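The values are calculated or read from the model by the stated rules, or taken from the named source; none is laboratory data. Owing to the predicted nature of the structure, the values given are computational and were not obtained by experimental measurement. When we count neighbours, we look across all protein chains shown, and the Cβ atoms used for this are built from the backbone with ideal geometry, even at glycine.
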Amino acid sequence: MKSSNRCSVIIVGAGISGISAAKVLAQNGVEDILILEASDSVGGRIKKHNFGNISVELGAGWIAGVGGKEPNPVWELAAQSGLRTCFSDYSNARYNIYDRSGEIFPSGVAGDTYKKAVESAIEKLRTDQDSLLAADVSDVPKLSTIPKTPIELAIDFILHDFEMAEVEPISTYVDFGEREFLVADERGYEYLLYKMAEEFLFTSDGKILDNRLKLNTVVRELQHSRDGVTVRTEDGCVYEANYVILSVSIGVLQSPLISFIPHLPRWKTEAIKKCEVMVYTKIFLKFPKKFWPCGPEKEFFIYAHEQRGYYTFWQHMENAYPGSNILVVTLTNGESKRVESQSDQETLREAMEVLRNMFGPDIPEASEILVPRWWNNRFQCGSYSNYPIYANPQMVENIKAPVGRIFFTGEHTSERFSGYVHGGYLAGIDTGEALLEMEKLDREKNNNKSILSLTLSHTEAIGGLQTCDIHSHTHLFHGNTKREAIS
Ligand SMILES: Cc1cc2nc3c(=O)[nH]c(=O)nc-3n(C[C@H](O)[C@H](O)[C@H](O)COP(=O)(O)OP(=O)(O)OC[C@H]3O[C@@H](n4cnc5c(N)ncnc54)[C@H](O)[C@@H]3O)c2cc1C
């Protein structure tokens, strides 16, 4: 096995956290970095797709938390990049609830059911807290209201899987504001990443052409010692670095994709195991014409069914893209996994049956369907982290803490904003800064000899990594063998 050239820092994953970490390093003069990305593009869970002649967002779609006392950094990036966005308000969805015969529930009924559900959710949170504190679980009072009817189940789904997926107070809203904006730009949400990368990687014509970014490069093993980290990839290459920043999702950390030699310590693996993974799936349907209401406060609508979460939450794309004739239905967790495992044709059949129940038998058949599969994507294994209610703050600390020279970043390492794009962005910045701090301490221990190559020019850095490319082709793998509930 030939050894590759060593670089200062290898960043595993080119999502928003990986790119923001890399940017911090570059801004501090660390240019001999290498970004290894398993998929064929940057962005990770920020991913556009051309569907029905428009650009739809398979992953993150909203900039959440705008208009508050502090500016959301992602909203600022969007403003600097001129990203087109569209104000989005789903609080009216509860007044557009359809039953199986296509009738809309009267607003009084919907409003009362919603109020009761909120009271019940607050009661549930208290019960959960009590059961954590109680010595004997049988002492904890049972919940008085369990959703049973289709409208109760639909509202429960909206509350728990969307509005109250986090325990109040929600840091994103407290810090950055309660408004949400849907990204509606042909260049996609991912354009923000490109604009960030432009500041430190070589780019041309909207493409990143820098050898320090390697796409289609799946990291399978991290061998770490006091001296550095050896990274082995699925195509048999070996890379060496003084430090590694690992930005893969919590789902990937829970999966066997990446091995660590020596094994990660128990405090780390236990914390990783305890963090929940949410699956969130937006299914896109293209129609030859509109058949749904499009006036004010009609962007979102709800289907009430006896199976919780069964094609419940709908959105039309007319506000973002007038004339696009596209509907989006959002599924979560068990329903997401069920739909991922069946054919798109079967999903289309189910979705059309639901739409015919709501809008009548004469509506046209969808001409296209798009079903993203975040759960079954081995480079994601889910959509985002969801810390269990009343998670111990130590658990988040342990997920984030470095192990030797391996640093952990990504939305799941953000104490205040896990699950969000701005969580990933800010986590990357924190991790980049923490690495620089550790390097400073290492350097002091090492009589001021820098471990990072702070003085390499851009061109020298690219040249060095090309050599690394040529000298590292030993095949190691033969086959192709993952809210704010923190009190
Ligand atoms: C369907 C969906 C909807 C969402 N909606 C919103 C929203 O509206 N608003 C919001 O703020 N947030 C939303 N989110 C969450 C948001 O997208 C994420 O929090 C954020 O993008 C995570 O960024 P990250 O850098 O932490 O991880 P990622 O973007 O996942 O980046 C990690 C990268 O590591 C790569 N990787 C994995 N394994 C390996 C390996 N072995 N070797 C090399 N590379 C590897 C992956 O391919 C990926 O590119 C949504 C997410 C999903 C999936």
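What pairs come out if I take residues in region 227-241 that are closer than 12 Å to residue 261 by Cα and pair them with residues that are of a type in the set (Phe, Trp, Tyr) and assigned to a strand (DSSP E or B) whose C-beta lies under 6 Å away, six or more apart or interchain?
Short answer, once both residue conditions are applied: 231/239.
Filter region 252-286 for residues that are buried (at least 17 other Cβ atoms within 10 Å of the Cβ), part of a helix (DSSP H, G or I) and away from the ligand (no atom under 16 Å from the Cβ) and give the result.
268, 271
Residue-wise test of (1) within 16 Å of the ligand (Cβ to nearest atom); (2) farther than 23 Å from residue 324 by Cα.
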residue	(1), (2)
366	no, no
383	yes, yes
386	yes, yes
391	no, yes
413	yes, yes
416	yes, yes
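Check 161, 156, 112 and return the single one that is modelled with pLDDT of 75 or more and touching a Pro at 6+ places or on another chain (Cβ under 7 Å). So that I can check it myself, show each step before the final result.
Numbers: 161 fails: touching a Pro at 6+ places or on another chain (Cβ under 7 Å); 112 fails: touching a Pro at 6+ places or on another chain (Cβ under 7 Å).
One residue alone meets the criteria, 156.
Got a number for residues in region 416-458 being closer than 18 Å to residue 405 by Cβ, modelled with pLDDT under 85 and among the small types (Gly, Ala, Ser)?
Adding up the residues that qualify gives 2.
Got a number for residues in region 94-123 being outside the structural domain of residue 162 (by TED's automatic domain parsing) and basic (Lys, Arg)?
2
Filter region 367-385 for residues that are touching a Lys or Arg at 6+ places or on another chain (Cβ under 6 Å) and either crowded, with 17+ Cβ neighbours inside 10 Å or assigned by TED's automatic domain parsing to the domain that holds residue 227 (or both); which is farthest from residue 35 (Cα to Cα)? Spell out the reasoning first.
So in region 367-385, the residues touching a Lys or Arg at 6+ places or on another chain (Cβ under 6 Å) come out as 367-368, 375, 381-382.
Filter again for either crowded, with 17+ Cβ neighbours inside 10 Å or assigned by TED's automatic domain parsing to the domain that holds residue 227 (or both), leaving 375, 381-382.
Details: 375: 24, 381: 21, 382: 22 Å.
Looking at residues that are touching a Lys or Arg at 6+ places or on another chain (Cβ under 6 Å) and either crowded, with 17+ Cβ neighbours inside 10 Å or assigned by TED's automatic domain parsing to the domain that holds residue 227 (or both), I get 375.
Restricting attention to region 203-213, does a residue exist that is hydrophobic (A, V, I, L, M, F, W, C) and closer than 16 Å to residue 409 by Cβ?
At the first step, the residues of region 203-213 found to be hydrophobic (A, V, I, L, M, F, W, C) are 208-209, 213.
Now restrict to residues that are closer than 16 Å to residue 409 by Cβ: none.
The answer is no; no qualifying residue exists.
Conditions (1) touching a Pro at 6+ places or on another chain (Cβ under 9 Å); (2) at pLDDT 95 or above; (3) among the charged types (D, E, K, R), marked per residue:
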position	(1), (2), (3)
137	no, no, no
145	no, no, no
174	no, no, no
186	no, yes, yes
201	no, yes, no
210	no, yes, yes
223	yes, yes, no
233	no, yes, no
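If you take the residues of region 82-109 that are away from the ligand (no atom under 16 Å from the Cβ) and surrounded by 15 or more Cβ atoms within 10 Å (Cβ to Cβ), which of them is nearest to the chain's Cα centre (by Cα)?
So the residue we want is 94.
Quick one: is residue 298 more than 16 Å from the ligand (Cβ to nearest atom), outside the structural domain of residue 397 (by TED's automatic domain parsing) and under 22 Å from residue 61 (Cα atoms)?
When the stated conditions are applied, residue 298 passes them.
Out of 9, 74, 56, 30, report the one residue that is crowded, with 21+ Cβ neighbours inside 10 Å, under 27 Å from residue 423 (Cβ atoms), away from the ligand (no atom under 16 Å from the Cβ) and at pLDDT 95 or above. Let's see the steps before the verdict.
Values: 9 fails: away from the ligand (no atom under 16 Å from the Cβ); 74 fails: away from the ligand (no atom under 16 Å from the Cβ); 56 fails: away from the ligand (no atom under 16 Å from the Cβ).
One residue alone meets the criteria, 30.
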